[in-house]
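The values are calculated or read from the model by the stated rules, or taken from the named source; none is laboratory data. Note that the coordinates shown come from a computational prediction; the quantities given were computed from them, not determined experimentally. Note that each Cβ is placed from the backbone with ideal geometry, even for glycine, and that neighbours are counted across all protein chains shown. Ligands, DNA and RNA are excluded from the accessible area calculation, which covers all protein heavy atoms including side chains. Shrake-Rupley method; radii C 1.70, N 1.55, O 1.52, S 1.80 Å.
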Amino acid sequence: QVQLVESGGGLVQAGGSLRLSCAASGSIFSIHPMGWYRQAPGKQRELVAGISSGGRTNYADSVKGRFTISRDNARNTVYLQMNTLKPEDTAVFYCYVQTPMTTYWGQGTQVTVSS
């Protein structure tokens, strides 16, 4: 059974920071791209950041300079460091692992940024 277990969400004031973690079961995930999407109420799910197995990263324009994605392949874990959070960052954040056959998703973790 494939599992992605997320943690680190919560409530924070604008300007604050949070660090999300996503641990994937199974050693195969160390060779696949991982990352984070988010979905705000009434909006479509959008890509926040992705990272390849070799460490290449990409970010949504809205989070560049504020968010940093990283991964620990030995632990099959991807992280999202979020700084200078804004109320518009409020959303459910989902981690994913992209394999050639399918994309696996975490259950989601709520991030709420108060103004």
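Just the residues that are of a type in the set (V, I, T) and closer than 22 Å to G15 by Cα, please, taken from the stretch 89-115.
Of everything in the stretch 89-115, those that are of a type in the set (V, I, T) and closer than 22 Å to G15 by Cα turn out to be T90, V92, T109, V111, T112, V113.
With the requirement that a residue be surrounded by fewer than 21 Cβ atoms within 10 Å (Cβ to Cβ), in contact with a helix residue (DSSP H, G or I) (Cβ under 9 Å, 6 or more places away or on another chain) and closer than 13 Å to T77 by Cα, what does the stretch 28-43 give you?
Result: S30, I31.
Cβ contacts < 8 Å: first residue under 16 Å from V78 (Cβ atoms), restricted to the stretch 103-115; second residue small (G, A, S) and exposed (fewer than 15 other Cβ atoms within 10 Å of the Cβ), any location; separation 6+ or different chain. Result?
Sorted first by the residue in the stretch 103-115, then by its partner, the pairs are T109/S7; V111/G10.
What's the number of the only condition in (1) within 13 Å of V97 (Cα to Cα); (2) modelled with pLDDT of 95 or more; (3) among the β-branched types (V, I, T) that V2 fails to meet?
That leaves (2) as the condition not met.
I need the full set of residues from the stretch 1-43 which are over 18 Å from D89 (Cα atoms) and not in a strand (DSSP E or B), in order please.
Q1, V2, Q3, S25, G26, S27, I28, F29, S30, I31, H32, P33
If I go through the stretch 44-94 residue by residue, how many of them are open to solvent by less than 70 Å² (accessible area, probe 1.4 Å), at pLDDT 95 or above and in a helix (DSSP H, G or I)?
Residues that pass the stated criteria total 2.
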